[in-house]
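Trainee: Next up is a structure, given as structure tokens.
The values are calculated or read from the model by the stated rules, or taken from the named source; none is laboratory data. Values in this document were obtained by computation on a predicted structure and should not be read as measured data. Neighbour counts run over all protein chains shown; Cβ positions are idealised from the backbone, glycine included.
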Amino acid sequence: MTEKLLYLSRADVEKTALDMPTILRLLEEAFGEKGRGKVEMPPKPGIHTMPDAFIHAMPAYIPSLKSAGIKWVSGYPENYKRGLPYITGLLILNDAETGIPYAVMDCAWITAYRTGAATGLSAKYLARPNSAAAGILACGVQGRTNLEALACLFPLERVYAYDILPEAQEKYIAEMQAKFDFEIIGVKEPKQAVVESDLVVTSGPILKHPTPAIEKDWLKPGAFGSAVDFDSYWTGGALAQMDRISTDDHAQFQYYKSVGYFQQTPDPYADLGEIAAGLKPGRQSNKERTLAINLGLAMDDMAVAPEIYRRAREKDIGAWLPL
């Protein structure tokens with residue numbers, strides 16, 4: 001018997017039409033399993049061909065989802081100058097019983113949406129349920145998917161959007177206003193996107209030596225932040241003011257701290273798996289300032305990829321290749 005695998009391009013992955021509520025559900029199951037110690041996920045090794053750029057190998061096995069595989073993903077902050085995407089890469093799924101690869105797919109769409117869903121899941125536990133105003137700082141891919149996840153979970157009425165590139169901000173406002181029925185307001189300074197918001201997402205480039213913008217007291221009591229860009233947007237004073245900081249993986253957080261990131265960031269009190277499994281509490285009062293620092297886990301990708309594969313098979317999407 002000739003083994004074969006299914007190849008899914010970026011367009012193929014998008015054609016499967018996987019929806020954000022399903023991604024949120026899959027991530028919640030995976031994080032609950034992680035909290036219960038039932039996920040195998042070694043630290044991701046990487047190579048770094050340029051400053052602030054990375055190419056990472058991200059393997060994970062989630063027994064409850066019968067999902068085993070690896071993502072080989074790159075992030076190059078300067079790519080926009082060449083008209084290229086920041087994130088590119090491939091994801092491979094292996095049969096959990098034989099180890100044989102059965103699918104290879106573009107990982108950019110999955111990375112974008114599972115990252116947004118991780119913010120949404122964190123906010124489910126750490127933000128106030130009636131949060132109605134959101135601030136989006138950086139109007140790129142993550143600004144879009146994070147807002148989509150939050151819109152699934154909260155009664156949003158208005159969104160403040162900020163980007164250092166005015167044209168990126170304008171394009172974002174037009175796209176998001178067409179997609180959602182709440183108000184999208186462009187602002188000229190980062191502070192304007194933070195001070196009135198119940199939910200704040202920062203998703204600029206991840207930098208080891210950033211020049212952070214968000215100051216102490218900007219995030220109001222009771223608000224939630226998601227630092228998708230590690231702590232690149234947040235000053236030490238703002239970070240010290242948080243009542244609760246969560247991450248998605250303690251070991252990975254400590255690794256990044258050991259190589260120079262998070263030098264002014266207090267250690268997280270819990271990871272998302274501990275919270276989802278009920279081992280650690282989420283928000284405890286309406287006055288707490290909370291912050292999620294999700295670093296991006298291979299497990300997130302492996303939670304989503306088998307459902308992409310299932311839908312692709314169902315809809316006859318993709319190309320079969322001999323192994």
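Trainee: Looking at (1) touching a residue at least 40 places away in the same chain (Cβ under 8 Å); (2) touching a Pro at 6+ places or on another chain (Cβ under 6 Å); (3) not β-branched (V, I, T), which is the one condition that is false for P221?
Mentor: (2)
Trainee: When you go through A123, A133 one by one, which is the residue that is buried (at least 19 other Cβ atoms within 10 Å of the Cβ), touching an Asp or Glu at 6+ places or on another chain (Cβ under 6 Å) and not aromatic (F, W, Y)?
Mentor: Selected residue: A133, the only one of A123, A133 that is buried (at least 19 other Cβ atoms within 10 Å of the Cβ), touching an Asp or Glu at 6+ places or on another chain (Cβ under 6 Å) and not aromatic (F, W, Y).
Trainee: Follow-up question, since we're still on this one. Go through the residues of the stretch 93-108 one by one and say whether even a single one is in the same structural domain as S285 (by TED's automatic domain parsing) and β-branched (V, I, T).
Mentor: No, the stretch 93-108 has no match at all.
Trainee: Still on this model: Need the failing condition index for S232 against (1) crowded, with 21+ Cβ neighbours inside 10 Å; (2) closer than 20 Å to S203 by Cα; (3) modelled with pLDDT of 95 or more, just the number.
Mentor: Checking S232 against (1) crowded, with 21+ Cβ neighbours inside 10 Å; (2) closer than 20 Å to S203 by Cα; (3) modelled with pLDDT of 95 or more, the one that fails is (3).
Trainee: Quick check: anything in the stretch 77-89 touching a helix residue (DSSP H, G or I) at 6+ places or on another chain (Cβ under 9 Å), of a type in the set (G, A, S) and either modelled with pLDDT of 95 or more or in a helix (DSSP H, G or I) (or both)?
Mentor: Yes, because at least one residue in the stretch 77-89 is touching a helix residue (DSSP H, G or I) at 6+ places or on another chain (Cβ under 9 Å), of a type in the set (G, A, S) and either modelled with pLDDT of 95 or more or in a helix (DSSP H, G or I) (or both).
Trainee: Let me ask something else. Given the conditions (1) surrounded by fewer than 16 Cβ atoms within 10 Å (Cβ to Cβ); (2) over 18 Å from the mean Cα position of the chain (by Cα), and given that L6 satisfies all but one, which numbered condition is not satisfied?
Mentor: (1)
Trainee: In the stretch 161-256, which helices (runs of 4 or more DSSP H) lie fully inside it and hold 3 or more residues that are within 23 Å of R114 (Cα to Cα)?
Mentor: Answer list for the stretch 161-256: 166-179.
Trainee: If you check D267 against the conditions, is it of a type in the set (D, E, K, R), surrounded by 23 or more Cβ atoms within 10 Å (Cβ to Cβ) and in the same structural domain as A138 (by TED's automatic domain parsing)?
Mentor: Judged against the criteria, D267 is not a match.
Trainee: Step by step: first the residues of the stretch 44-64, then only those that are farther than 21 Å from A96 by Cβ and in contact with a helix residue (DSSP H, G or I) (Cβ under 8 Å, 6 or more places away or on another chain), then the one that is surrounded by the fewest Cβ atoms within 10 Å (Cβ to Cβ). Which residue is that?
Mentor: So the residue we want is M50.
Trainee: Here are the criteria: (1) modelled with pLDDT of 95 or more; (2) in the same structural domain as S197 (by TED's automatic domain parsing); (3) out of contact with any Ser or Thr (no Cβ under 6 Å at 6 or more places or on another chain). Tell me which single one I62 does not satisfy.
Mentor: Just one mismatch for I62, condition (2).
Trainee: So if I check each of A132, A103, A118, A138, which one is on the phi > 0 side of the Ramachandran plot and either in contact with a Ser or Thr (Cβ under 8 Å, 6 or more places away or on another chain) or among the aliphatic types (A, V, I, L, M) (or both)? Walk me through how you get there before you give the answer.
Mentor: Values: A132 fails: on the phi > 0 side of the Ramachandran plot; A103 fails: on the phi > 0 side of the Ramachandran plot; A118 fails: on the phi > 0 side of the Ramachandran plot.
Just a single option satisfies the conditions, and that option is A138.
Trainee: Hey, another quick one. Taking S74, is it in a strand (DSSP E or B), assigned by TED's automatic domain parsing to the domain that holds A312 and either buried (at least 20 other Cβ atoms within 10 Å of the Cβ) or not charged (D, E, K, R) (or both)? First the steps, then the outcome.
Mentor: Numbers: in a strand (DSSP E or B): yes; assigned by TED's automatic domain parsing to the domain that holds A312: yes; either buried (at least 20 other Cβ atoms within 10 Å of the Cβ) or not charged (D, E, K, R) (or both): yes.
Yes: the conditions hold for S74.
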